[in-house]
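*Asks:* First the structure, then my questions, so here it is.
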Ligand code: GUN
Ligand code: ZN
């Protein structure tokens, strides 16, 4: 058994509620990690003298700050290269920026390269766990799972399906969606750190028959997760109402097929009705809040207070490529901004709330009891934040008044450039392979 004794300055937020989360801060913490699991946690002076720590290899991380690994509950595999498509609302952005990239996933070499970019981007940003919207092509999803297994990250993903209102080359039919999804789920669900998620793109792109096939797949593959989009953009909401005249509201398009359970995560929900919020809470469905995407696509300001007041579980998603990058420090800051901009209707978030959103809340939404904070019995999924000398973050951290102030500064200024090491289950996962194989496009040739 390999045992490591980490000595660290550590911050984590094991529990909520949002709006009242309490930061746990330890100036000289010992974490004894055996086979990737934290077996003992306590003051360095105590744990370092314990008999079970006597053979451990000591790693002193006190040059930085140790945080739990980040949990991204909504990110799109095919959209890495679509990041930065600014200036369009959802349905135009999909047509112009996202779906052309989704179509390129039909080419195996392209899909393999993007899968590596996705996993490297997640790890570099300190994201150790993610619920990933896969691709519309079964082979590309296979490629993603293969690369994810190599990466060591905790990845839940699935075949994205739709049978209307996309490009023709992205459409499938309910029977094929079921067969291909079942084959992928049987191969990958529960293998190591990987799990399968049944993934209709959104009700706008699916018929009732397709949603029924998704429900049949959920039943056929026990334990798989379910994910899709909900109430992101006002035009989309109106279009879904027209496409599903028999449904009571957008949420009902999924509910009618039994797709709302504690294993379900729906992204955005910027424009919910009170009835939808009550149903989300009652069914245990979580909502992935994607703040940079909501701002970039002009989708709106997320009504977090209304979610939290009725008991809907909320976590954080980067929504790459509608979102502007993988870094959950940035998403956390933008989540805080959105609530500030809502004024009295907003839910004022502390830095502890934001760290909770980016870690333990995500783990809860994904049903992963073993990650989200650095307590005994948890996997050692962690991020060492160590801003380079001379950076503003390094300077201001030296002058932080207390742990809450330090954490607020981290969200205000932190980037992937400040993340020195990332572990999943005790293994380092952020090995950069930075040598570019393709030269950058000369800007003078672009028009
Ligand atoms: N709704 C359906 N597909 C997408 C997508 O790729 N991104 C976002 N933000 N919303 C969607
Ligand atoms: Zn999305």
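*Asks:* Is the C-alpha gyration tensor of the stretch 284-398 telling us rounded, prolate or oblate? Criteria: a/c under 1.5 is rounded; beyond that, a/b larger than b/c is prolate, otherwise oblate.
*Replies:* Judged from the Cα gyration tensor, the stretch 284-398 comes out oblate (a/c at least 1.5, b/c at or above a/b).
*Asks:* If you don't mind, there's one more thing I want to ask. Based on a Kirkwood Rh over C-alpha pairs, give the Stokes-Einstein translational diffusion coefficient of the chain at 4 °C and viscosity 1.567 mPa s in µm²/s.
*Replies:* D = 59 µm²/s.
*Asks:* Give me the percent relative contact order of the chain, please, defined on Cα pairs under 8 angstrom at least 6 residues apart.
*Replies:* Computed over the chain, the figure is 20 percent.
*Asks:* Return the inverse of the average 1/r over all pairs of distinct C-alpha atoms in the stretch 274-324, which is the Kirkwood hydrodynamic radius, in Å to one decimal.
*Replies:* It works out to 11.4 Å.
*Asks:* Then there is this: Multiply the residue separation of residue 22 and residue 45 by 0.36 nm, subtract the distance between their alpha-carbon atoms, and state the gained length in nm to one decimal.
*Replies:* 5.8 nm
*Asks:* What shape does the stretch 70-116 take by its C-alpha gyration tensor, where a ≥ b ≥ c are the square roots of the eigenvalues and a/c under 1.5 counts as rounded, a/b above b/c as prolate, and the rest as oblate?
*Replies:* oblate
*Asks:* Which residues in the stretch 163-184 have a backbone N closer than 18 Å to a point placed 7 Å from the Cα of residue 220 along the Cα-to-Cβ line?
*Replies:* 163, 172-184
*Asks:* For the stretch 166-217, what is the per residue volume of the convex hull drawn over the alpha-carbon atoms, in cubic angstrom?
*Replies:* In the stretch 166-217, the Cα hull volume divided by residue count equals 84 Å³.
*Asks:* For residue 282, project a label point 7 Å along Cα to C-beta. Then give me every residue of the stretch 296-321 with its amide nitrogen under 15 Å of that point.
*Replies:* 310-312
*Asks:* Under a GNM of the chain (C-alpha, springs under 10 Å), which listed residue has the highest mean-square fluctuation: 324, 359, 389?
*Replies:* 389
*Asks:* Need one number: nm distance between label points at residue 242 and residue 116, each 7 Å from Cα along Cα→Cβ, rounded to one decimal.
*Replies:* Reported label-point gap for residue 242 and residue 116 is 4.4 nm.
*Asks:* Take the alpha carbon atoms of the stretch 202-229, find their center, do the same for the stretch 12-77, and report the distance between the two centers in whole angstrom.
*Replies:* 37 Å
*Asks:* When the distances between all Cα atoms of the stretch 130-211 are binned every 10 Å from zero, what whole-number percent does each bin get?
*Replies:* Percent of Cα pairs in each bin: 20, 51, 24, 4.
*Asks:* Taking the simple approach of a point 7 Å from Cα along Cα-to-Cβ for both residue 273 and residue 370, what is their distance in nm?
*Replies:* Distance between the two pseudo-spin positions: 4.2 nm.
*Asks:* Still on this model: Relative to the longest principal axis of the chain, what angle (0 to 90°, nearest 10) does the C-alpha long axis of helix 234-243 take?
*Replies:* 40 degrees
*Asks:* Another question, if that's okay. Tell me, what does the Kirkwood hydrodynamic radius of the stretch 85-158 come to in angstroms if you use every pair of distinct C-alpha atoms?
*Replies:* It is 13.0 Å.
*Asks:* Just need the Rg to Rh number for the stretch 231-337, please, alpha carbons only, Kirkwood Rh.
*Replies:* Reported Rg/Rh, Kirkwood definition of Rh: 0.96.
*Asks:* Between the stretch 244-268 and the stretch 111-183, what's the alpha-carbon centroid distance in Å?
*Replies:* 22 Å
*Asks:* For residue 106 and residue 186, calculate 0.36 nm times their separation in residues minus their Cα-Cα distance, and state this gained length in nm to one decimal.
*Replies:* Value of the extension gain: 26.6 nm.
*Asks:* From Cα pairs below 8 angstrom and at least 6 apart in sequence, can you work out the relative contact order of the stretch 227-368, rounded to a whole percent?
*Replies:* Once normalised by length, the contact order is 21 percent.
*Asks:* Which FRET efficiency, nearest 0.05, do residue 208 and residue 58 yield, Cβ-Cβ r, R0 51 Å?
*Replies:* Calculated value: 0.30.
*Asks:* Once R0 is set to 35 Å, what does the formula 1/(1 + (r/R0)^6) return for the Cβ-Cβ distance between residue 2 and residue 139, expressed as a FRET efficiency to the nearest 0.05?
*Replies:* 0.45
*Asks:* Turning to a different aspect of this structure: Say each of residue 428 and residue 96 gets a label point 7 Å from the Cα, pointing the same way as Cα to Cβ; how far apart are those two points in nm?
*Replies:* For the pair residue 428/residue 96, the computed spacing is 4.3 nm.
*Asks:* Still on this structure: Restricting to Cα pairs below 8 Å that are 6+ residues apart, what does the relative contact order work out to for the stretch 1-151? Please round to a whole percent.
*Replies:* 22 percent
*Asks:* Mind checking the angle between helix 174-188 and the chain's longest principal axis? C-alpha axes, 0 to 90 degrees, to the nearest 10.
*Replies:* 20 degrees
*Asks:* Enter the angle in degrees (range 0 to 90, nearest 10) between the Cα long axis of helix 403-413 and the first principal axis of the Cα atoms of the chain, meaning the one along which they spread out most.
*Replies:* 50 degrees
*Asks:* Is the shape of the stretch 325-393 best called rounded, prolate or oblate, per the rule: a/c under 1.5 gives rounded, else a/b larger than b/c gives prolate, else oblate, with a ≥ b ≥ c the square roots of the Cα gyration tensor eigenvalues?
*Replies:* Oblate.
*Asks:* Can you give me the Kirkwood hydrodynamic radius for the stretch 1-139, using every pair of distinct Cα atoms, in Å to one decimal?
*Replies:* It is 18.4 Å.
*Asks:* Under a 10 Å cutoff between Cα atoms, tell me which one of 192, 372, 425 has the largest fluctuation in the Gaussian network model of the chain.
*Replies:* So, out of 192, 372, 425, the one fluctuating most is 192.
Every number in this text was worked out from the coordinates using simple rules, so none of it is lab data. If you're wondering where the values come from, they're calculated on a predicted model, not measured in any experiment. Note that each Cβ is placed from the backbone with ideal geometry, even for glycine, and that neighbours are counted across all protein chains shown.
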